[in-house]
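In what follows, a single structure is set out as structure tokens and then discussed.
The values are calculated or read from the model by the stated rules, or taken from the named source; none is laboratory data. All figures in this text were calculated on a predicted structure; none of them were measured in a lab. Here the Cβ is made from the backbone with ideal geometry for all residues, glycine too, and neighbour counts use every protein chain on show.
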Amino acid sequence: MHDSKKDAIFAEPLTQVSDFVFDQKVVEVFPDMINRSVPGYQSILHGIGQLTQRFAQPHSKVYDLGCSLGAATLVMRQNLAGIADLQIVAADNSVAMVERCRLHLEGFRSDIPAEVVCADVRELDIDNASVVTMNFTLQFIPQDQRQSVLQRIYDGLKPGGVLLLSEKFKSENADLNEVLVDLHHEFKRANGYSELEISQKRAAIENVMRVDSLATHQQRLHDVGFTAVQVWFQCYNFTALIAVKN
Ligand code: GEK
């Protein structure tokens, strides 16, 4: 996944920066984009694999919601060996992502069936699930619809099942939030993004990706019924949580 083309989508000055969309142009550079933009992305994927191995149950389904090119699907599948009768459902509402994801998954052998569906996670049926992963997807759902998405996930999980939720978040302290945003931008600069790329990407994404505080995420998870919620990874303003249904 690291050998994708270099992301230069925002390298040239744009007269008007449009809202960010997950189109073919993004698909072509996606692995490079996400690796250079999300601190800890590879560590989080690794952790998703470990947690999946622990919480996947025989005769259940494992979901990857907002799968993009299937990075989390792949790492989960690699960690499911020996667990009987599993099915993976990977979903994304970008046609371009889904098509490339199917091609990508075909390149890896496994006995565990993985179905890639083009669907909006707000409408997808979730049932008999033991692990549901949302790796940086909930942040693209309008804030007032996040609770109902989480409720559907909770209702579709088996007892003992888990939601693995990764999100960019904002600190409730404005000054410290600035510090975290700054550190993230430093991370992007160190990975070769220019000031222009950073600022144009920021303008493109600000309307489509609204971030909540960690406290809001935790409260929402409790409100839909999860009893145990734990942060297991954080780097700057990026975090990964596990929520367990008892
Ligand atoms: C990874 N999980 O590499 N329904 C379905 N998919 C959606 C929706 C929706 N309503 N909204 C956005 N998406 C991946 C990375 S990327 C994160 C996830 C990022 C999809 C969107 O099309 C995109 O593919 C994905 O969510 C978000 O582990 O680019 O920052």
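Residue check: Lys25 meets all listed conditions (1) surrounded by 18 or more Cβ atoms within 10 Å (Cβ to Cβ); (2) not in a loop (DSSP other than H, G, I, E, B) but one, namely (1). Quick one: would you say Ser148 is of a type outside the set (D, E, K, R) and surrounded by 18 or more Cβ atoms within 10 Å (Cβ to Cβ)? Answer is no for this residue. Summed over the stretch 62-88, the residues that are within 12 Å of the ligand (Cβ to nearest atom) and either β-branched (Val, Ile, Thr) or modelled with pLDDT under 95 (or both) give a count of 2.
Of the helices (runs of 4 or more DSSP H) lying entirely inside the stretch 144-241, those containing at least 2 residues that are free of Cβ contacts under 8 Å to residues at least 40 places away in the same chain and hydrophobic (A, V, I, L, M, F, W, C) span 174-190. Taking the criterion of being more than 23 Å from Ile205 (Cα to Cα) and of a type outside the set (Phe, Trp, Tyr), would at least one residue in the stretch 132-140 satisfy it? Looking for residues that are more than 23 Å from Ile205 (Cα to Cα) and of a type outside the set (Phe, Trp, Tyr), one finds at least one in the stretch 132-140, hence yes.
The residues on offer are Gln42, Gln53, and the sole one that is without any contact (Cβ under 8 Å) to a residue 40 or more places away in the chain and either aromatic (Phe, Trp, Tyr) or within 14 Å of the ligand (Cβ to nearest atom) (or both) is Gln42. The residues of the stretch 125-139 that are within 13 Å of the ligand (Cβ to nearest atom) and either without any contact (Cβ under 8 Å) to a residue 24 or more places away in the chain or over 17 Å from Ile44 (Cβ atoms) (or both) amount to a single one, Ile126. The set of residues from the stretch 3-34 being over 17 Å from His104 (Cα atoms), within 12 Å of the ligand (Cβ to nearest atom) and not hydrophobic (A, V, I, L, M, F, W, C) comprises just one member, Asp7. Report whether or not Phe169 is within 24 Å of Ile34 (Cβ to Cβ) and in contact with a strand residue (DSSP E or B) (Cβ under 8 Å, 6 or more places away or on another chain). Answer is yes for this residue.
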